[in-house]
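Novice: Take a look at the following structure, please.
Here, each number is a calculation from the coordinates, and none is a lab measurement. Just so you know, these numbers come straight off a predicted model, no measurement behind them. Neighbour counts run over all protein chains shown; Cβ positions are idealised from the backbone, glycine included.
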Amino acid sequence: MPGMDMKRGMDMKMMAPDPSDSASTKGYKAAMMKMMEGMPMMKFTGDADLDFMSRMRAHHQGAIDMAKVVLGNGKDPEVKKLAQNIVTAQEKEIVTINAWLKAKGK
């Protein structure tokens, strides 16, 4: 897609750490950059299952990393409970994704 690399570059610049960022903002920015870098920018294969699984692994890891930021910095017990539930669920799903990809030789 024309402009996709430029947009990705702009998104990455917005995620650059700033000295004035709070600890949680730095954590969220790092999680988002890691997720964006982990998302395969390869061409879609046309295999809906493979394309989904290969991209969801990074997406799920990003959710885990963001949840861990709130677990370390958040104050609201309800939000922290949701974050812990996300970590637990997404870690299990990553195991499933990895096993599926390995079985497919990917």
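Novice: Length gain on complete extension for the stretch residue 56 to residue 20, per 0.36 nm per residue less the alpha carbon to alpha carbon distance?
Specialist: Full extension from residue 56 to residue 20 adds 9.8 nm.
Novice: A further question follows. Just in segment 36-89: which trypsin sites (Lys or Arg not before Pro) are loop by DSSP and have at most 13 other Cβ atoms within 10 Å? Can you show the working numbers first?
Specialist: Details: sites: 43, 55, 57, 68, 75, 80, 81; in loops: 43, 75.
Within segment 36-89, the qualifying trypsin sites (Lys or Arg not before Pro) (loop, at most 13 other Cβ atoms within 10 Å) are 43, 75.
Novice: Sticking with this structure for a sec: For the pairs 80/102; 34/75; 75/104, note any where the Cα-Cα span goes beyond 31 Å.
Specialist: Numbers: 80/102 33 Å; 34/75 24 Å; 75/104 42 Å.
Violating the 31 Å Cα-Cα cut-off are 80/102; 75/104.
Novice: Decide, for segment 12-106, between rounded, prolate and oblate: order the square roots of the alpha carbon gyration tensor eigenvalues as a ≥ b ≥ c, take rounded if a/c falls under 1.5, and otherwise choose prolate if a/b is larger than b/c, else oblate.
Specialist: Working: a/c = 3.60, a/b = 1.52, b/c = 2.37.
Oblate, since a/c reaches 1.5 and b/c is not below a/b.
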